[in-house]
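The values are calculated or read from the model by the stated rules, or taken from the named source; none is laboratory data. Keep in mind that what you see is a predicted model, and the values were worked out from it rather than measured. Don't worry about glycine lacking a Cβ; one is built from the backbone with ideal geometry, like all the others, and counts go over all protein chains shown. Heavy atoms of the whole protein, side chains included, go into the accessibility calculation; ligands, DNA and RNA do not. Shrake-Rupley method; radii C 1.70, N 1.55, O 1.52, S 1.80 Å.
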Amino acid sequence: MLEPIRKPIRRAIAPVRALFVSDASAGVLLILVAAAALVVANSPLAEDYHNLLYTYWWPKEVFYLNDLHLWINDGLMVIFFFVVGLEVKRELIAGELSSADKRTLPIISAGAGMAVPALIFVTIAGSNPELIRGWAIPAATDIAFAMGVLGLLGTRVPASLRLFLLTVAIVDDIGAVLVIAVFYTAHLDVMWLAISFVVFGAMVGMNRFGVKSFWPFLLGAIALWLAVLFSGVHATIAGVLAALTIPMRDADGHSMLEKAEHALAPWSAYLVVPIFGFANAGVHILDMTVEQIFAPLPLAIATGLFVGKQLGIFTIVFLSVKLGIAKKPENANWMEIWGVTILTGIGFTMSLFISGLAFGNSQLLVDEAKIGILLGSIISAIIGYVALRLTTQHPEETEHLEEARQAKP
């Protein structure tokens, strides 16, 4: 009797309910934190905000991490990269990247989604040698932010496209980590690098010889972080490397890797990344002119994110399907695929991280990079949401999910 009324109500509240599922809520929190950082950085609290992050605690000779901003970016963010590493290993061994037919489309899509934005960046800003170090800034997709926007659409977007966006973003993260390790290492201390290899080798050995307790790996991860920090390679790489050594099974036969991921993922999504976002998204824009906002650096980053990501990924998906290299995501049309590729232009977390590595010696360039990241990400989020809102409608998946929920005892 009430069923004809319940179905429209369920569909109407789907976007609101979506805010409270994990992927969406983490992204929405990140959006709010970024907005809060911008407000604070352009308010009477701006000086306090800057002093909180950049006041020196001790001379750099005593210990490299000598202010709150460095502890967040080089210390706290190791947890984020550790979770990324756990996620990557799980996907490679037992997930959507575990077989050739599953990983073909995400890998080539992510590759194109990194290459085309980088080419656009170099085309716009490449004439200035001071800016060229920022070529990788528009190459990364923010998983939480992108999935958060997608979550606002409820179940209108087919499940295959949600999975496609997630796997592309994961492969994208792998590429970004490699880029950081290879291109953003300023100097190398051979002794500490050798110690890093020894610690990493010991952790691999613990895995191979069947150590089933998590604590030795945790202690090894801390030691690896310190060694990598002093080696000159960016310390967050230690998080990914340590995660790759975590065994799949513990002494009880349960998945140690999944237990660690499930335990740490909420802390990463709801504490680490929001703190990083608040510490890095704040940029003073009130006194900026239009010329500064659309200077070569922010323009190159914003264009790379909004135009480059969707152009690279959609083109490679279209060609791969037409040439028979990969299958089109199930139950999705080309307009819906295009809408999802727009969302890959949301490059918040990793892009901000890389901008700090690229232009850490120039606050002006860091601020310009932040403007480009925010512009490109916001435009991608809004246009992507609107495109998917207008082109997607999959009530059959909504009804199927509701029936499955109701069938559960």
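Ranking Leu161, Leu152 from most to least accessible surface, computed with a 1.4 Å probe over the protein chains only, gives Leu152, Leu161. Shown is the FRET efficiency for Lys102 and Ala35, computed with R0 = 30 Å from the Cβ-Cβ distance and rounded to the nearest 0.05: 0.25. The relative contact order of the chain, computed from alpha carbon pairs under 8 Å that lie at least 6 residues apart in sequence, is 27 percent.
The HN-Hα couplings worked out from phi for region 38-43 by the Karplus form 6.51 cos²θ - 1.76 cosθ + 1.60 (θ = phi - 60°) are 5, 5, 5, 5, 10, 10 Hz, whole numbers, x standing for Gly and Pro. Here the spin labels are modelled as points 7 Å beyond Cα on the Cα-Cβ line, and at His284 and Glu130 they lie 1.9 nm apart. Hydrodynamic radius of region 159-257 by the Kirkwood approach over all distinct alpha-carbon pairs: 14.8 Å. At 1.4 Å probe size, with no ligands or nucleic acids counted, give the accessible surface of His262 in Å², nearest ten. His262 has an accessible surface of roughly 120 Å² with all protein chains in place.
Placing +1 on the Cβ of every Lys and Arg and -1 on the Cβ of every Asp and Glu, with nothing else charged, gives the chain a dipole about its Cα centre of roughly 1060 debye. The length gained on full extension between Leu218 and Ile93, counted as 0.36 nm times the residue separation minus their Cα-Cα distance, comes to 42.9 nm.
The alpha-carbon of Lys89 sits under 23 angstrom from the alpha-carbons of these lysines, leaving out residues fewer than 8 places away in its chain: Lys102, Lys212, Lys259. Magnitude of the charge dipole for region 62-193, about its Cα centre and with charges confined to Cβ atoms of Lys, Arg (+1) and Asp, Glu (-1), is about 420 debye. Take the Cα of Tyr64, go 7 Å toward its beta carbon, and the backbone nitrogen atoms of region 226-250 under 14 Å from that spot belong to 226-239. For Glu96, no residue 5 or more places off, or on another chain, has a built amide H under 5 Å of its own. Segment Val198..Arg249, full-extension length gain: 16.0 nm, with 0.36 nm per residue of separation and the alpha-carbon distance subtracted. For the residues His284, His234, His187, a GNM of the chain with alpha-carbon springs under 10 Å puts the largest fluctuation on His187. Placing Leu45, Leu365 in order of accessible area, with the largest value first and a 1.4 Å probe, yields Leu45, Leu365.
Helical content of the chain, expressed as a calculated mean residue ellipticity at 222 nm, amounts to -22000 deg cm²/dmol (DSSP H runs of 4 or more residues, -39,500 (n - 2.57) each, divided by residue number, nearest 500). Mind scanning Lys60/Lys370; Lys328/Lys370; Lys322/Lys370 and naming the pairs with a C-alpha gap bigger than 28 Å? The pairs that break the limit, which is 28 Å between Cα atoms, are Lys328/Lys370; Lys322/Lys370. Averaging the Cα positions of each part gives two centres, and for region 173-233 and region 301-323 these lie 34 Å apart. Sequentially through region 76-87, phi angles give Karplus couplings (6.51, -1.76, 1.60; θ = phi - 60°) of 4, 5, 4, 5, 4, 5, 5, 5, 4, x, 4, 5 Hz, Gly and Pro residues having no value and appearing as x.
In a fully extended conformation the segment linking Leu188 and Trp267 would gain 25.3 nm over its present Cα-Cα distance, using 0.36 nm per residue. In the set (1) 163; (2) 151; (3) 130, the label that goes with volume of the Cα convex hull per residue in Å³ computed for this structure is (1). Among Met335, Met147, Met288, the sequence by solvent-accessible area, most first, with a 1.4 Å probe is Met335, Met288, Met147. When nucleic acids and ligands are ignored and a 1.4 Å probe is applied, Trp338 ends up with an accessible area of around 80 Å². Volume per residue of the convex hull around the Cα atoms, evaluated for region 174-215, comes out as 103 Å³.
Couplings 3J(HN,Hα) of region 264-279, computed from phi: 8, 4, x, 5, 5, 6, 9, 10, 4, 5, x, 4, 4, x, 5, 6 Hz, in residue order, whole Hz [Karplus 6.51 cos²θ - 1.76 cosθ + 1.60, θ = phi - 60°; x for Gly and Pro].
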